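A short worksheet on the structure shown next.
The values are calculated or read from the model by the stated rules, or taken from the named source; none is laboratory data. Just so it is clear, the model here is predicted, and its values are computed rather than measured. Here the Cβ is made from the backbone with ideal geometry for all residues, glycine too, and neighbour counts use every protein chain on show.
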Amino acid sequence: MENAPIDQWFTLRWRDDALELIDQRFLPRREEYLRLKTADAVAEAIEKLVVRGAPAIGCAAAFGLVLAAKRSESLNPESFKKDLELSRKRLAQTRPTAVNLFWALERMSLIWNDKANWNLDREFIEESLLNEALEIQREDLDSCRKIGMHGVDLIPSSARVLTHCNAGGLATSGYGTALGVVRAAHSAGKLQMVLADETRPFLQGARLTAWELQRDAIPVTVITDGMAAHLMKTGEVDLVVVGADRIAKNGDVANKIGTYGLAVLARHHGIPMCVAAPRSTIDVKMATGAEIPIEERGRNEVASPFGETILPDGVAVRHPAFDVSPADLISAIVTEVGVARPPYEDSLEALMAK
Ligand code: MRU
C-alpha cells in the first residue's frame, strides 16, 4: 500500500490504474489515503477495515477485480479467467455479512463468464471490468441520494435522530444511506440533532459519523452505546435511522452489533426504527435473518482497542460484529425506489420488481 497526496476527502476512487481509499482506521486523527494496486491489497484493506460499510466494501471489491485483470500475467483466455476467479474467491473470503460484497463480485464476474466475451481480446475484458466497477460506484452514489429523498418524508420537524455505526459517505460511494436521510433532512431544515452511538468496539460512530457530519456542519452529539435507553426514556430521541449489511426477504435486518438492542429499545419507547439501504443490500435468497452469516472478529478489537489493552490478561472475549433485528421491530425500510412498510415479504418484493 502506498500513500497518495490528496486535496478533498473521498471514500474511494479509481485513479491512474490504482484504487485510492481513505484509511478509516486512523480517522479522525489522521486523514491518510492509500493507493492499492493489487486485488490482494484490496482484500487485505477490506479485512482490516481500512474500507468498511456494506456498499463501500462492494465497490472496493469490484475495483479489486479490475486490478486482478490488470495484474494477471496469463497469456491465454482460460488462465486469465482462472486468475480472475482466484481473486474473486480471495475477495469473497474477506467479510461474510455484507451481501453487497457478493452482489458486486457476482455482477463483475458476469463479464468474464459471458460466453459472448470469450473470443474478445483481453483489453476489452479489462475495459469492461473497469466500466462496470465505475458504474457500480456511480449507481451507489445515485442510490444514496434517492434514499435521502425518500427518507426525508419520515423525518418529523426539529428531529433528534439516533444512529448507530457509520452508514454515511464513508460507508458508501458518498452521501450515505442512514446519513443520506440525515443529510436530506438537514437540507430540508428538519434536523435538530444527530445522536451518534459511539459503536463499540471499532467506534465507527464516535470516529467516522461524527467526523463526516462535522465536515458538513450537521449538528452531531456522540453518546456511548449504553446511553441510548436513558435518552429515549427522557424523550430526547424522535426516531432511529440505521443502515444495513443484509436484509432478508421477510425484512429481518443484519447491521452493526448493537442495532438489535436499539430496535428493542425503540419499540419499548414507541419510537420509529427506520432502516435505510440500497436494494443491493436485500438478499432475496435468504428467507429470514436466521440464515444470515454473522462475522466473528478477533479478540484484539475488543480487548485492546486502538492498541491499549483494557482487559486483564487471559480474560475471554466474544466479538460478533453484527446482529439481526427481527422485521417486526422495523417501522420502515427506505430504498432508492421507495419506502417499504410491513408486511415486508410483500413490500420488499414490490420494490425489487420496480
Ligand atoms: O463493520 P462495518 O463498519 O463494515 O459495519 C458497517 C455497518 O454495520 C453499516 O451500518 C452498514 O454496513 C451499512 S453502511 C451504509
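Structural remarks
- Any hit, segment 331-342, residues being surrounded by fewer than 13 Cβ atoms within 10 Å (Cβ to Cβ), in contact (Cβ under 8 Å) with a residue 24 or more places away in the chain and not acidic (Asp, Glu): no
- The number of residues in segment 158-194 being away from the ligand (no atom under 16 Å from the Cβ) and in a loop (DSSP other than H, G, I, E, B) comes to 4.
- Here segment 36-49 is the region considered, the condition is being more than 11 Å from the ligand (Cβ to nearest atom), surrounded by fewer than 24 Cβ atoms within 10 Å (Cβ to Cβ) and aliphatic (A, V, I, L, M), and the residue that is farthest from residue 98 (Cα to Cα) is 41.
- Matching residues, segment 88-101, being buried (at least 18 other Cβ atoms within 10 Å of the Cβ), free of Cβ contacts under 8 Å to residues at least 60 places away in the same chain and part of a helix (DSSP H, G or I): 88, 91, 101
- Test: residue in segment 178-200 that is under 24 Å from residue 32 (Cα atoms) and surrounded by fewer than 19 Cβ atoms within 10 Å (Cβ to Cβ): yes
- Of all residues in segment 102-144, those being among the basic types (Lys, Arg) and at pLDDT below 95 number 2.
- Within segment 125-163, the set of residues being surrounded by 16 or more Cβ atoms within 10 Å (Cβ to Cβ), in contact (Cβ under 8 Å) with a residue 24 or more places away in the chain and among the polar types (S, T, N, Q) comprises 137, 143, 163.
- Taken over segment 258-315, the residue count meeting the criterion of being touching a residue at least 60 places away in the same chain (Cβ under 8 Å), part of a loop (DSSP other than H, G, I, E, B), at negative phi and within 13 Å of the ligand (Cβ to nearest atom) is 5.
- Residue count for segment 198-208 satisfying the condition of being in contact with a Leu (Cβ under 7 Å, 6 or more places away or on another chain) and either more than 11 Å from the ligand (Cβ to nearest atom) or assigned to a helix (DSSP H, G or I) (or both): 2.
- Identity of the residue in segment 224-250, of a type outside the set (A, V, I, L, M, F, W, C) and within 16 Å of the ligand (Cβ to nearest atom), that ends up nearest to residue 346 (Cα to Cα): 246
- Whether a residue is within 16 Å of the ligand (Cβ to nearest atom) and closer than 27 Å to residue 244 by Cα was assessed, and residue 52 passes this test.
- Among all residues of segment 60-81, there is none that is among the charged types (D, E, K, R) and within 17 Å of the chain's Cα centre (by Cα).
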